[in-house]
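I have placed the structure first, in the form of structure tokens, so that the comments after it can refer back to it.
The values are calculated or read from the model by the stated rules, or taken from the named source; none is laboratory data. The structure presented is a predicted model; accordingly, all values stated were derived computationally and were not measured. Cβ atoms come from the backbone with ideal geometry, glycine included; neighbour counts cover every protein chain shown. Ligands, DNA and RNA are stripped out before the accessible areas are found, and what is left, the full protein with its side chains, is counted by its heavy atoms. Shrake-Rupley method; radii C 1.70, N 1.55, O 1.52, S 1.80 Å.
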Amino acid sequence: QVQLVESGGGLVQPGGSLRLSCAASGIIFRLYTMGWYRQAPGKQRELVANSPRSGSTNYADSVKGRFTIFRDNAQNTMYLQMNSLKPEDTAVYYCKADSGRYAYWGQGTQVTVSS
């Protein structure tokens, strides 16, 4: 049974930082492209950043220079370090594991940036 469990969300003031975690089980983690997506109220889910198994990383323009995605294949865990947070970063953040054939989603974690 595949499980992706996100944690680390919460309420933070503008300019603050949070680190999200996604713990995976039931998959061969190192073979999957891991990604973070987010969905704000009334908006479509969008890619924030991903980390293909090659070790490269990709970021949405809106988060470049502020967010960092990294993964620990030994611990089957992916992270998203979010710095200089803005109110427009407020959303539910989802973890996704994609092998190209199979894709799995976590349940999401709420991030709220507000003063």
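Restricting attention to segment 92-115, the residues that are on the phi > 0 side of the Ramachandran plot and either surrounded by 12 or more Cβ atoms within 10 Å (Cβ to Cβ) or part of a strand (DSSP E or B) (or both) add up to 1. Would segment 20-36 turn up any residue that is within 17 Å of S114 (Cα to Cα) and either free of Cβ contacts under 8 Å to residues at least 60 places away in the same chain or outside any loop (DSSP other than H, G, I, E, B) (or both)? For segment 20-36, residues within 17 Å of S114 (Cα to Cα) and either free of Cβ contacts under 8 Å to residues at least 60 places away in the same chain or outside any loop (DSSP other than H, G, I, E, B) (or both): absent.
Is there a residue being open to solvent by less than 50 Å² (accessible area, probe 1.4 Å), part of a loop (DSSP other than H, G, I, E, B), in contact with an Asp or Glu (Cβ under 8 Å, 6 or more places away or on another chain) and at pLDDT 95 or above anywhere in segment 68-85? No; the residues of segment 68-85 include none that is open to solvent by less than 50 Å² (accessible area, probe 1.4 Å), part of a loop (DSSP other than H, G, I, E, B), in contact with an Asp or Glu (Cβ under 8 Å, 6 or more places away or on another chain) and at pLDDT 95 or above. Exactly one residue among V92, V12 is over 16 Å from the mean Cα position of the chain (by Cα), of a type in the set (V, I, T) and at pLDDT 95 or above, and that residue is V12.
For segment 1-44, filtered to residues that are of a type in the set (S, T, N, Q) and under 15 Å from V111 (Cβ atoms), the residue that is most open to solvent (accessible area, probe 1.4 Å) is Q13.
Every condition in (1) more than 14 Å from the chain's Cα centre (by Cα); (2) outside any loop (DSSP other than H, G, I, E, B) is met by K43 except one, and the failing one is (2).
Return a yes/no flag: does segment 60-67 have any residue that is in contact with a strand residue (DSSP E or B) (Cβ under 8 Å, 6 or more places away or on another chain) and open to solvent by 40 Å² or more (accessible area, probe 1.4 Å). No: zero hits. Just one of the numbered conditions (1) open to solvent by less than 60 Å² (accessible area, probe 1.4 Å); (2) under 18 Å from Y104 (Cα atoms); (3) not acidic (D, E) is not true of L47: (1).
Residue count for segment 76-91 under the criterion of being in contact (Cβ under 8 Å) with a residue 60 or more places away in the chain and on the phi < 0 side of the Ramachandran plot: the result is 8.
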